Amino acid sequence: MSAKILIVDDTRENRTHLARRLVRDGYEVLTAESGSGGLDVLEFNEVQAVLLDVMMPDMTGHEVLREIR
């Protein structure tokens, strides 16, 4: 079973590039385009790692991290 990683980034190109690379390396990847969207994904999915963009419009990566903790 491969590790599941969540990518949270408001820039589609960044999400797409990272996801392709991680899938190619054998990871299962989930994505969200906002901090609140990332928290929603985490409600229903167990992930082993979260890659967060720091500067996003609705919540910063730091705020998302505080909520996760």
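Name the GluC sites (Glu not before Pro) in the chain that are in a loop by DSSP and that have at most 15 other C-beta atoms within 10 Å, would you?
Values: sites: Glu13, Glu28, Glu33, Glu43, Glu46, Glu63, Glu67; in loops: Glu33, Glu46.
Filter output for the chain: Glu46.
Work out the length of the dipole vector of the chain about its Cα centre, built from +1 on the beta-carbon of each Lys and Arg and -1 on the beta-carbon of each Asp and Glu, and round it to the nearest 20 debye. Each step should come with its number before you reach the end.
Details: 8 positive and 13 negative charges, 67 e Å.
Around 320 debye, computed over the chain.
What accessible area per residue comes out for the chain, rounded to a whole number of Å², with a 1.4 Å probe?
So the chain comes to 70 Å² accessible per residue, rounded to a whole number.
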Which label belongs to the value computed from this structure, given these candidates for Cα extents along the principal axes in Å: (1) 31, 24, 22; (2) 40, 26, 16; (3) 30, 24, 15? (3)
Could you tell me which residue out of Val29, Thr60, Thr11 lies farthest along the dipole of the chain toward its positive end? Charges go on the beta carbon: Lys and Arg +1, Asp and Glu -1, centred on the Cα centre. Val29
Against the longest principal axis of the chain, how steep is helix 35-44, in degrees 0 to 90 to the nearest 10, with axes from Cα atoms? 60 degrees
With label points built 7 Å along Cα→Cβ from the Cα atoms of His17 and Glu67, find their separation and express it in nm. 2.6 nm
Please compute the net charge surrounding Val23, taking Lys and Arg as +1 and Asp and Glu as -1 over other residues with Cβ under 14 Å from its Cβ. +3
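The values are calculated or read from the model by the stated rules, or taken from the named source; none is laboratory data. Given the structure is predicted, the values throughout are model-derived calculations rather than measurements. Note: ideal-geometry Cβ built from the backbone for every residue, glycine included; neighbour counts use all protein chains shown. Ligands, DNA and RNA are excluded from the accessible area calculation, which covers all protein heavy atoms including side chains. Shrake-Rupley method; radii C 1.70, N 1.55, O 1.52, S 1.80 Å.
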